[in-house]
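Notes to accompany the following structure.
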Amino acid sequence: MNYLIYPLKKMNITQGYNDNYSHSLHNTGNPKDYPIDDNGGTSKKESYFYCPCDEMVIKKIYGVGLNAGNTLWLESTSKVITPTFTDYVTIIIVHPNDSDFKNLKVGQKFLRGEKIIMEGNDGKATGYHFHISVGRGKCSGTGWEKNSNGIWIIKTTAGAVKPEDAFFIDPEFTQVISMKNIPFVYLYEEENNLKYWYVTKSLNVRLGPGTSYKCINSLPENTELTILEVKDSWAKISDREWVSKNFLTGDKPRKIYKTKKTTAASLNVRKSPNGQILTIKAPLMPNTTVAVMATKGNWTKINTDRWVYSSYLA
Ligand SMILES: [Zn+2]
């Protein structure tokens, strides 16, 4: 899974986005971003920024030879999973030194865990550190814009996000010295909480873990399910219902369908509300899991062209 994790081996945040120093100009203006400063655990110049997801590409390098703080723009090459969204992310890093920037070029790609750049003190930095801002989506325009306080902030297609909404802390990668009271979550909390799965393509429900078992229903894309057990590539979703796990994802889609269970001994499925009775994957047995896509009068739509009488669902 393409989780976005905190990019330093040691987290020692010296200024959060809410601390009342230079960053207050970022988060009180309009628009805002939410930078953190991290010195990597020591005042020495020794910490690297590591690629925090499956792959990132350098979109822009700014400031070499200028008085302004050197700035690097990184963009993920695919959607990443964060504690609050699944999307592309863009990260800007300020203060690397000219001597380290010389090794980088726009278009260069890095795989998860690879070293990208060393911390620095270019610009008006008080010591060696990374100034890091995250935006959801791809790099937009020139990658930054001036806010109402006259401060340059990150510009992405979906806007700046708070660091705790963007990065998980992977305790096997990052040692935490100080979070500066920012409520980061650990990656294992997320994995244990992966409670719901979502159907990625209309899929058959069978009475056992394999295509030889009888098909008793179908569930539409975006149905929310819980998995009770996994056998080979099959997921058990109730006492006797199994679906192919290849068509389930942990990534929550924008639209989701909750499920209900049938209560009738045998429940007819119709092509439309009170319409033609179907015989394929129908009638439904009691306790069959159905998606609730829509309702119309006394009828519930459970998949494309499949409707049942709502009173027999609970
Ligand atoms: Zn800063």
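Let's test the formula: R0 of 45 Å, r as the Cβ-Cβ distance of LEU104 and THR304. What FRET efficiency results, to the nearest 0.05? The computed FRET efficiency comes out at 0.35. Taking the Cα centre of the chain as reference, the dipole from Cβ charges on Lys and Arg (+1) and Asp and Glu (-1) amounts to some 1460 debye. Footprinting exposure proxy ranking of TYR186, TYR6, fewest other C-beta atoms within 10 angstrom first, gives TYR186, TYR6. Neighbour counts of C-beta atoms inside 10 Å place TRP299, TRP197 in the sequence TRP299, TRP197, starting with the fewest.
Kirkwood analysis of region 1-74, using all unique Cα-Cα pairs, places the hydrodynamic radius at 14.4 Å.
Label zone of SER238 (point 7 Å out along Cα→Cβ, amide N under 18 Å): in region 291-313 this covers 291-294, 300-304, 306-313. Dipole of region 167-314 computed with +1 at Lys/Arg Cβ and -1 at Asp/Glu Cβ about the Cα centre; of ALA235, PHE173, ASN274, farthest Cα towards the positive end is ASN274.
Ordered from longest to shortest, the equivalent ellipsoid semi-axes for the chain are 50, 19, 16 Å, each the square root of 5 times a Cα gyration tensor eigenvalue. Pairs over the 22 Å Cα-Cα cut-off, from the set LYS214/LYS258; LYS201/LYS258; LYS9/LYS252; LYS79/LYS255; LYS59/LYS201: LYS214/LYS258; LYS9/LYS252; LYS59/LYS201. Shown here for region 73-106: trypsin sites (Lys or Arg not before Pro) in loop regions (DSSP other than H, G, I, E, B) with at most 12 other Cβ atoms within 10 Å, namely LYS102, LYS105.
Can you give me the relative contact order of region 44-120 as a percent, contacts being Cα pairs under 8 Å and 6 or more apart? Averaging sequence separation for qualifying contacts and normalising by length gives 44 percent for region 44-120.
Region 10-192 gives an Rg/Rh value of 0.92, both radii derived from C-alpha positions and Rh following Kirkwood.
Averaging Cα coordinates gives a centre for region 272-314 and one for region 116-155; these two points are 53 Å apart.
With a simple spin-label model that places each label point 7 Å from the Cα along the Cα-to-Cβ direction, the separation between ASP165 and THR226 comes to 2.8 nm. Extending 7 Å from Cα along the Cβ direction at THR200 and again at LYS255 yields two label points whose distance is 1.9 nm. Computed over region 206-314, the alpha-carbon pair-distance distribution with 10 angstrom bins reads 15, 48, 31, 6, 0, each value a whole percent. Distance between the 7 Å Cα→Cβ label points at VAL185 and SER22: 3.2 nm. Charging the Cβ of each Asp and Glu at -1 and of each Lys and Arg at +1, and nothing else, the dipole of region 197-312 about its Cα centre rounds to 260 debye.
Only the coordinates and a few stated rules stand behind these numbers; no lab work does. This one's a predicted model, so the numbers in the text were calculated from it and none came from an experiment. FYI the Cβ positions are ideal-geometry reconstructions off the backbone, even for glycines, and counts take in every protein chain you see.
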